[in-house]
1. Place the peptides 61-67, 96-102 in order of packing, highest mean first, counting for every residue the other Cβ atoms within 10 Å and averaging per peptide.
2. Counting only protein heavy atoms and using a 1.4 Å probe, what share of the accessible area of segment 42-142 belongs to carbon plus sulfur, as a whole percent?
3. Counting only heavy atoms of the protein chains, get the accessible area per residue of the chain (1.4 Å probe) and round it to a whole Å² value.
4. Treat every Asp and Glu Cβ in the chain as -1 and every Lys and Arg Cβ as +1, leave all other atoms uncharged, and give the resulting dipole magnitude about the Cα centre to the nearest 20 debye.
5. Need one number: the % of Cα-Cα pairs in segment 63-145 sitting beyond the 20 Å mark.
6. By per-residue mean of other Cβ atoms within 10 Å, what is the highest-first order of 11-18, 126-133, 110-117?
7. Starting from the Cα gyration tensor of the chain, multiply each eigenvalue by 5, take the square root, and state the resulting semi-axes largest first in whole Å.
8. Assuming R0 = 22 Å, what is the FRET efficiency of ARG59 and ALA25, from their Cβ-Cβ distance, to the nearest 0.05?
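The values are calculated or read from the model by the stated rules, or taken from the named source; none is laboratory data. Owing to the predicted nature of the structure, the values given are computational and were not obtained by experimental measurement. Cβ atoms come from the backbone with ideal geometry, glycine included; neighbour counts cover every protein chain shown. Each accessible area value is taken on the protein alone, full model and side chains, heavy atoms only, with ligands, DNA and RNA left out. Shrake-Rupley method; radii C 1.70, N 1.55, O 1.52, S 1.80 Å.
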Amino acid sequence: MPLHVVLVEPEIPPNTGNVARLCAATASPLHLVGPLGFRIDEHSVRRAGVDYWHLVDVRRHLDFEHYLHARAGEVPGGRIHLFSALATRSYLDVSYAPGDALVFGKESIGLPDELLARFPDRVLGIPTLGAVRSLNLANAVGIALYEALRQVGALAGTFQG
């Protein structure tokens, strides 16, 4: 069972393109939730030079409630992990499992406060050592996704030497 990447109202096309590439490279479904700050029709994707879009399992959801409903039917009992610069718990302090979802908010403000308040025990952050408050969305997804993949054993044996 794959890990799922969820972007809630992403705003910047290159970030979503980079996340899509990560999802294609890791066989992780990409869920796009709510209104997008750009178009993802075939013409727009081709014009942006995203030549791997056809390799991504992209799923659209009207809003987060619709996403949760779809998820409950597909991954009963699956856990969600919400990523926020406001978190007090590190993404390294969690055990990930196949089917888990990694949820990220829009670039300008992150996840809505009401969503973070609804799942307070599921809010995680990626620590930074400098004065920067948060990381680029695509970088954050890459860091979290590869740690989760490492933990579930999905990366073992991927290099043949």
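1. 96-102, 61-67
2. The nonpolar share, carbon plus sulfur, comes to 55 percent.
3. Working: 8830 Å² over 161 residues.
With the other protein chains kept in place, the chain gives 55 Å² per residue.
4. Numbers: 14 positive and 16 negative charges, 45 e Å.
In debye, rounded to 20, the chain gives about 220.
5. Numbers: 1097 of 3403 pairs.
Result: 32 percent of Cα pairs exceed 20 Å.
6. Working: 11-18: 18.6, 126-133: 8.6, 110-117: 15.0.
Ranking the peptides 11-18, 126-133, 110-117 by packing returns 11-18, 110-117, 126-133.
7. Details: eigenvalues 94, 78, 59 Å².
Three semi-axes, in Å: 22, 20, 17.
8. Numbers: r = 18 Å, r/R0 = 0.80.
Efficiency at R0 = 22 Å is approximately 0.80.
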